[in-house]
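Worksheet: one structure, shown below.
The values are calculated or read from the model by the stated rules, or taken from the named source; none is laboratory data. Since the model is a prediction, treat every value here as computed from it, not as a measurement. Neighbour counts are summed over all protein chains in view; Cβ atoms, including those assigned to glycine, are modelled from backbone coordinates with ideal geometry.
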Amino acid sequence: MKTILDLSKDELSDIVKPSFRSKQIYHWIYQKYVDSFDDMKNIPKEIKEELSQNFVINPFEIVKIEVSSDGSKKYLFRCKDGYTVESVLLPMKKEQVDEDGKITSETKYSICVSSQVGCKIGCAFCLTAKGGFKRDLTSGEIVAQVLQIKKDNSIPQNRRVNIVYMGMGEPLDNMTNLVKAIEIFKDPDGLEIGARRQTISTSGLSSQIEKLGKMDLGVLLAISLHAVDDELREKLMPINKAYNIQSVINAVKNFPIDSRKRVMFEYLVMKGLNDDLKSAKKLVKLLHGIKAKVNLIYFNPYPNSPFKRPDEKDMINFKEYLNTHGIICTIRQSKGLDISAACGQLKEKTENDLA
Ligand code: SAH
Ligand code: SF4
C-alpha cells in the first residue's frame, strides 16, 4: 500500500475536502508524529476511513539501530517490498548548559538520507555500488527516513534539523522524487526544513546539476570529486567517462547559491592514490573562481576493500596546503567510525549477520 508521505499538501487537498483538512492532516503526521489515521482527533471519521483504506503513514519497519560512541545513530529500515535502506542521525553540536543548569544552546542534528536502493554509478570505493541498483526510493520513502528518525528520538518538530543526501544512491539519478521530497520537507505545515538546510551530494552528473540549478530551489550542493585528473577519476568513478571533471566544474559555476553559502567539494582520501601535495596543488587550480569549501574524508575500509585509509599526517598536510592557498578545508571527523560509517556498510553487515 502507498504511503501518504508521497503526497504533497496540494495533492492531499485534491483528495480530502475542504482543503484546510490537508493542513490538519499534515500537522498530525509531521508535527505530532501520529502513527495511525485513527489518532487524528479533529478529522471526520469518513475521511479517516477513506485514508486508511488507501494509505499507510509509515512505510518502514526498523530492522536495526547502531549507536556509536560519538552519539551518531545508524538506522536500517525495511521498505514494504522487503528492500532495506539506511539513514544516519548525526548530532552536530552538543547541548550547552549554563551554571544554573539552563539550556543555552540546543543539540543540532543532521540526518543523512538515502535516495535509492543501491546505486547505478558503480564507484570503485563504495560498498553501496557492490550490490548493484535495485530501485529508486519514492519521495515518501525519502521523507519517511527523516520523520521516523525525528520521532524515534523524540526530536521536537520545531528543532532545526539539516538534511544531507549522502546515504545510499545517487540523488540526481532520482530527480523527480528528490525534488518532490525537497518540497515536502519545506512545507510550513510539515517538517518545515528549508531548502538551505538541505544538501544534495552528487557524484557529478553535470547535466542534472544544470537542470537542478535552473529550478533554483535554494538547496545546497556537495560534489563528490575525489580525484583531480580524469584518468584517476575514471578509474574510481566510471561516471567520469560521461561527465569529466571540467564539465562538473562548469555545471557548478552555473549553479545558483546563496551568497552566504559555499559549494562543498568532498574529497575521499585513499592512501597512496590521491593523498599527495601534487593533487592538492591541482585541486587549488581547479577550484579557482568557485566559492568552495573542501571536506577531506578518510577512506573507510571494509572487508576486502581495495583501498587503504590514509595516514593522518598526509591528511593534515593536504589540508594545510589548501588552507594556505586560500581554500577553506576541513577534515571530516569520521562520525560513527565504530558503527560502520560509510554508506552501505550497515546494510552489508546486517545482511551478513542475517545470512
Ligand atoms: N551518490 C552520492 C551520495 C551518496 S555517497 C555521492 O556519491 O555523492 C555519499 C558519500 O560517501 C560520497 O562522497 C562517497 O564518495 C562517500 N563514500 C563512499 N564510500 C565510502 C567509503 N568507503 N569511505 C568513506 N566515504 C565513502
Ligand atoms: Fe553511488 Fe555515491 Fe556510492 Fe558512487 S559513491 S556508487 S554515486 S552512492
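Laid out as a table, the results:
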| quantity | calculated |
| --- | --- |
| Residues (under 24 Å from F307 (Cβ atoms) and more than 11 Å from ligand 1 (Cβ to nearest atom)) located in the range 123-161 | G131, G132, F133 |
| Subset of the range 285-309 [crowded, with 17+ Cβ neighbours inside 10 Å, more than 16 Å from ligand 1 (Cβ to nearest atom) and not in a loop (DSSP other than H, G, I, E, B)] | L286 |
| Hits in the range 223-251 - residues which are among the β-branched types (V, I, T) and in contact with a helix residue (DSSP H, G or I) (Cβ under 7 Å, 6 or more places away or on another chain) | I223, V228, I245, V248, I249 |
| Every pair of residues 6+ apart whose Cβ atoms lie under 7 Å, when the first sits in the range 287-315 and is among the polar types (S, T, N, Q) while the second is assigned to a loop (DSSP other than H, G, I, E, B) | N295/R332; N300/S334; N300/A341; N300/A342 |
| Count of residues meeting criterion [within 14 Å of ligand 2 (Cβ to nearest atom) and assigned to a loop (DSSP other than H, G, I, E, B)] in the range 233-262 | 3 |
| Any hit, the range 86-101, residues being at pLDDT 90 or above, touching a Pro at 6+ places or on another chain (Cβ under 7 Å) and more than 11 Å from ligand 1 (Cβ to nearest atom) | no |
| Residue check for I200: within 14 Å of the chain's Cα centre (by Cα), free of Cβ contacts under 8 Å to residues at least 40 places away in the same chain and within 21 Å of Y75 (Cβ to Cβ) | yes |
| Hey, L212 free of Cβ contacts under 8 Å to residues at least 60 places away in the same chain and part of a loop (DSSP other than H, G, I, E, B) or not | no |
| Residue tally, condition outside any helix (DSSP H, G or I) and more than 14 Å from ligand 1 (Cβ to nearest atom), over the range 220-232 | 2 |
| Selection count, the range 160-175, where residues are in contact with a Ser or Thr (Cβ under 8 Å, 6 or more places away or on another chain) and away from ligand 2 (no atom under 14 Å from the Cβ) | 3 |
| Those residues of the range 10-30 which are within 16 Å of L191 (Cβ to Cβ) and buried (at least 18 other Cβ atoms within 10 Å of the Cβ), in sequence order | L12, S22, I25, Y26, W28, I29, Y30 |
| From G190, G204, residue being within 23 Å of K108 (Cα to Cα), part of a loop (DSSP other than H, G, I, E, B) and not β-branched (V, I, T) | G190 |
| Candidate set: the range 134-155, residues that are touching a helix residue (DSSP H, G or I) at 6+ places or on another chain (Cβ under 8 Å) and in a loop (DSSP other than H, G, I, E, B); chosen: the one nearest to I29 (Cα to Cα) | I155 |
